[in-house]
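The values are calculated or read from the model by the stated rules, or taken from the named source; none is laboratory data. In this text, all values refer to a predicted model and were calculated from it rather than measured experimentally. Here the Cβ positions follow ideal geometry from the backbone for every residue, glycine too, while neighbour counts run over all protein chains shown. Just so you know, the surface numbers come from the protein's heavy atoms only, side chains and all, with ligands and any DNA or RNA stripped out. Shrake-Rupley method; radii C 1.70, N 1.55, O 1.52, S 1.80 Å.
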Amino acid sequence: MRFELFIATRYLRAKRRQAFIGVITGISIAGVAAGVASLVVALAINNGFRQDLQERLLGSTSHISLQRIADDGIRDWPALMERLSKQPHVEAAAPAIFEQVLISRGPRARGAVLKGMIPKYERRVGDLLSSVKEGSAAELDEKAASVESFMNEQKDDEEHEGESKAVGKSARSTQSPDSLEDVHARVAAMPPIILGRDMADSLGATVGSVVLVVSPQGELTPFGMVPKYSRFRVVGIFSSGFFDYDSSWAFARLSDAQQLFGLGDLISVIEFKIDDIYAADKIGREIENAAGSGFMATNWMEQNKALFHALRLERLVTFITIGLIVFVAALNILISLIMLVMEKTKDIAVLMSMGTRRAQVRNLFIAQGLLIGLTGTAIGLALGYAISYVGGHYHVISLSPEVYSIDYVPFAPRWIDGALVALVAVGVSFVATLYPSWSASRILPAETLRYE
């Protein structure tokens, strides 16, 4: 192959009378480089947004959720959660209640998902409580230090409920219900709640506001079914970066949610954090089997399947559309080689008359096209990764955080993307050499040199 490479490199160094062919060759190299660099940068941006989305998503939701198939609530959940926490690959577990509610403040109302949880355990499986931007999530902490003590406090509260009511009546008898101190005391005694940023803006609520939470699970009275409701005091506003969470989620203490929905000692789901997020399906089945019959486990991949499918589709479309630049560069390679074959017809005939085989002539032009493709690919990879490095480390492209929930364009280049892009670019360059090399090998020396 040394002979073919020697001739190919000589042909690439165009002489003065072949300057036009040299210009086309330079354009071909620049086209391949531009296409490869654009693909590397586009895939790095796509991967950066995907990683950022996945990290924030996993910080907002649990890896695995266990619930009853019949959706009748989980009984004796402290013992079950303690037992399942010892399963392999499980790092933490937390109880939770999810129910649809209507949250209103004055004339404004908004449908929401109210999540009742114990912050001590919730912080171990998710980061949503860490995204509180206004106020604090500290008031959601239960006084109990463990699940068992939490259950004991619930029983004590039920036993002393009558006594508390009596004390409350005597206190109200000594205070005026319209006094400022009494109003502040009633507000301070309301159960705390944390709202999402968009929901709080829609309701006009701020830290310290009072909102009315209405449960669709009403109670039967002599006047018919009456919705259950309770007033909550807004103690914090979180901003997760996800519109669905920020516009329709709220957090309350597990005990307050159980009281509002009349669930007693039931919870609706046990959430788990695992050590391998990509093995969530397998670990979820193991947890489901360990829990026994009547339970069903779902994982973060299943819950967000549509979102990640859309990201994969976007990645494919990006690869195809920007890959057209490489295709255009391949056409330049094709044109450049065809013109070179026409220019070098006499030289090719001389080489063949001196004993050069047709296969060698064919390999000569294939090597020349591959040299153009390899040179452009190498330049494009270096340029693409350099741009991605600078963009990722210095955040040179700014975004509006109100729209994109992130203030810069993330770059996350991967070596496997570079390998794929290089393979495609070299492959397209190789295909572009097939016709010119075949045409060159079909030249007849006698016909070409007859009148020379």
Legend entry - From phi via Karplus (6.51, -1.76, 1.60), per-residue ³J(HN,Hα) for the range 336-350 in Hz, x at Gly/Pro: 4, 5, 4, 5, 5, 4, 5, 6, 9, 4, 5, 5, 5, 5, 5
Inset, instruction - Obtain the nm distance between the two label points defined at Ile320 and Phe3 by a simple spin-label model: each point lies 7 Å from its Cα along the Cα-to-C-beta direction. - result: 4.5 nm
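Can you compute the FRET efficiency between Ala109 and Asp276 using 1/(1 + (r/R0)^6), with r the Cβ-Cβ distance and R0 = 30 Å? Round to the nearest 0.05.
Numbers: r = 42 Å, r/R0 = 1.41.
The calculated FRET efficiency here is 0.10.
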Inset, instruction - Would you please give the residues with an amide H less than 5 Å from that of Glu134, counting only those at least 5 places away or on a separate chain, with H modeled from the backbone geometry? - result: Ile237
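So how do Ile24, Ile267, Ile397 rank on accessible area, 1.4 Å probe, biggest first, that is with the largest at the start? Walk me through the numbers before you get to the answer.
Working: Ile24 20, Ile267 0, Ile397 75 Å².
These residues rank, largest area first, as Ile397, Ile24, Ile267.
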Legend entry - Heavy atoms of His184: accessible area, 1.4 Å probe, square angstrom to 10: 110 Å²
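With a probe of 1.4 Å, find how much accessible area the range 269-333 has per residue, and write the answer as a whole number in Å². List each step's numbers first, then the result.
Values: 3520 Å² over 65 residues.
I get 54 Å² per residue for the range 269-333.
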Legend entry - Three-way shape call for the range 28-117 based on the alpha-carbon gyration tensor, with the a/c threshold at 1.5: oblate
Inset, instruction - Would you mind checking the pairs Lys86/Lys228; Lys115/Lys282; Lys120/Lys282; Lys228/Lys305; Lys86/Lys133 and listing those with alpha carbons more than 32 angstrom apart? - result: Lys86/Lys228; Lys228/Lys305; Lys86/Lys133
Legend entry - Distance-filtered residues of the range 290-321 - backbone nitrogen under 20 Å, label point 7 angstrom along Ile69 Cα→Cβ: 290-299, 302-303
Legend entry - Built amide H within the under 5 Å cut-off of Ser240, gap 5+: Arg197, Asp246
Legend entry - Dipole axis of the chain (+1 Lys, Arg; -1 Asp, Glu on Cβ), positive-most option in Tyr394, His184, Gly204: Tyr394
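Roll a 1.4 angstrom probe over the protein heavy atoms and tell me the percent of accessible area of the chain that is carbon or sulfur. Working shown, then result.
Working: 14020 of 23860 Å².
For the chain, the apolar C and S fraction of the accessible surface comes to 59 percent.
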Legend entry - Angle between the chain longest axis and helix 2-12 axis [Cα atoms, degrees, rounded to 10]: 80 degrees
Legend entry - Size descriptor, Kirkwood hydrodynamic radius, that averages inverse alpha-carbon separations across the chain, Å: 27.6 Å
Legend entry - Karplus-derived HN-Hα couplings along the range 371-387 (A = 6.51, B = -1.76, C = 1.60, θ = phi - 60°), whole Hz, x at Gly and Pro: 4, 4, x, 5, 5, x, 5, 4, 5, x, 5, 4, 5, x, 5, 5, 4
Inset, instruction - Show the residues, 5+ positions off or on another chain, whose built amide H is closer than 5 Å to the amide H of Ile118. - result: Leu254
Legend entry - All-pairs Cα distance distribution in the range 328-452, expressed in whole percent, bin size 5 Å: 2, 10, 16, 14, 11, 10, 9, 7, 6, 5, 4, 3, 2, 1, 0, 0
Legend entry - FRET efficiency for Gln360 and His395, using Cβ-Cβ distance with R0 set to 51 Å, rounded to 0.05: 0.45
Legend entry - Nearest-ten-degree value, helix 161-174 long axis tilted from longest Cα axis of the chain: 70 degrees
Legend entry - Cα→Cβ-extended label distance, 7 Å offset, between Asp265 and Asp127, nm: 3.6 nm
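Taking the inverse of the average 1/r across all pairs of different Cα atoms in the range 199-335, what Kirkwood radius in Å do you get?
Working: mean 1/r = 0.0489 Å⁻¹.
When all Cα pairs of the range 199-335 are included, the Kirkwood radius is 20.4 Å.
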Legend entry - Debye, to nearest 20: dipole size of the range 30-103, +1 on Lys, Arg Cβ, -1 on Asp, Glu Cβ: 180 debye
Inset, instruction - With θ set to phi - 60°, apply the Karplus curve 6.51 cos²θ - 1.76 cosθ + 1.60 along the range 361-366 and write out the HN-Hα couplings as whole Hz, x wherever there is a Gly or Pro. - result: 5, 4, 5, 4, 6, 5
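Give me the dipole magnitude in Debye, nearest 20, for the chain about the Cα centre, with unit charges on the beta carbon: positive for Lys and Arg, negative for Asp and Glu. Walk me through the intermediate numbers first.
Numbers: 45 positive and 48 negative charges, 696 e Å.
With only Lys, Arg, Asp and Glu charged at Cβ, the dipole is about 3340 debye.
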